[in-house]
Each structure stands twice: as C-alpha cells, then as structure tokens.
1. Quick one: in region 21-142, what % of C-alpha pairs are over 17 Å apart?
2. Assign one of three labels to region 41-106, namely rounded, prolate or oblate, based on the Cα gyration tensor with a ≥ b ≥ c the square roots of its eigenvalues; rounded applies when a/c is under 1.5, prolate when it is not and a/b is larger than b/c, and oblate otherwise.
3. Taking 8 Å as the Cα distance limit and 6 or more residues as the minimum spacing, I'd like the relative contact order of region 21-142 as a percentage.
4. Determine, for 23, 93, the number of other Cβ atoms within 10 Å of each Cβ, and report the residues in order from fewest to most.
5. So for 88, 46, 133, fewest C-beta neighbours within 10 Å to most, what's the order?
6. Would you order 24, 99 from fewest to most other beta-carbon atoms within 10 Å of each residue's own beta-carbon?
7. Residue 43 label point, 7 Å along Cα→Cβ, cut-off 20 Å on backbone N: hits in region 128-142?
8. Need one number: nm distance between label points at residue 52 and residue 142, each 7 Å from Cα along Cα→Cβ, rounded to one decimal.
C-alpha cells in the first residue's frame with residue numbers, strides 16, 4: 001500500500017498517460033486468492049496493492065491515491081460489496097477503469113454498473129486478468145470508455 005501513499009502531486013491516472021509501471025488496486029477478501037492474483041500480476045509487470053475490503057479501498061481512494069485500474073471481487077465479506085465499491089469509486093473518479101471478478105455468474109440486472117464493466121468469472125486463465133487490466137488501461141489512454149457488455153471469461157463456482 002505504500003506505493004499509493006507516496007505523494008505524486010497527480011492522481012495515478014493522470015501520470016499513467018506518460019509512462020511507468022501500471023498500478024492496480026486489487027480488492028479481494030480471500031487472502032490466499034488476493035496473494036495469488038497479486039503474484040500473477042506482479043510477474044506480468046503490473047504493480048499491485050491488495051486490500052481485503054471495499055471500505056479500505058475507499059479510504060485510499062479518498063486520500064487521492066487513484067490507481068490506473070481498480071480490480072474488485074464482487075462478493076466481498078461483510079460490509080460493502082465489490083459492486084458498491086465500483087459504483088462509489090466511479091462516482092468519485094469518473095475516469096477510473098474497473099475490472100470485476102467473481103466466482104459466481106454476473107447478474108447484470110442486479111446492478112446497472114455491471115452491464116458496462118469488464119468481468120471475469122473465477123476460475124479464469126492466468127493471463128486473463130492481466131489482459132483485462134491492460135485493456136482497461138488502454139481504454140483510459142485512448143478515451144474509449146465502456147467495454148463490450150460484461151461477460152464471464154470462463155465458467156466457475158465459488159467466491
């Protein structure tokens with residue numbers, strides 16, 4: 001989390017357009033899954049700060065530390081869901097790119113935001129998350145907003 005707490009003068013999104021490693025904020029309540037995803041992304045050259053709750057993410061975002069891409073599990077533990085976090089984060093930071101992940105199929109009717117975000121259903125291939133993150137970051141740089149309608153990358157079960 002220290003990378004996000006370093007003072008840069010500009011939100012990460014503004015700085016990202018120039019160069020440097022991509023920074024992702026990963027919200028996943030399952031510690032083992034959070035570590036595994038963080039390691040996979042780090043091996044792919046993406047800097048990751050992982051948090052366990054939406055509330056912790058909102059504190060970080062509220063301090064002005066905006067990542068290039070926010071990745072959140074939809075079904076977090078008690079408190080706000082990943083969809084709640086995504087909606088609040090997008091309201092506060094309209095240009096923030098999002099990737100939603102879950103072990104359950106995405107019900108786009110349950111939350112309007114879900115129809116317009118990148119979605120991966122666990123389990124997904126190792127490269128899929130990094131690809132979705134890069135796609136989101138590219139959309140930010142090129143100004144192409146909404147991705148294609150949310151779709152599951154692969155069938156799965158669990159969280």
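Nothing in this text is a laboratory measurement; each read-out follows from the coordinates by a stated rule. The model shown is predicted, which means the values in this text are computed figures rather than measured ones. Note: ideal-geometry Cβ built from the backbone for every residue, glycine included; neighbour counts use all protein chains shown.
1. Above the 17 Å cut-off, region 21-142 has 51 percent of its Cα pairs.
2. Rounded, because the longest to shortest axis ratio a/c is under 1.5.
3. Computed over region 21-142, the figure is 23 percent.
4. Ascending number of Cβ neighbours within 10 Å: 93, 23.
5. 88, 46, 133
6. Arranged by neighbour count, lowest to highest, 24, 99 become 99, 24.
7. 128-135
8. Modelled inter-label distance: 3.9 nm.
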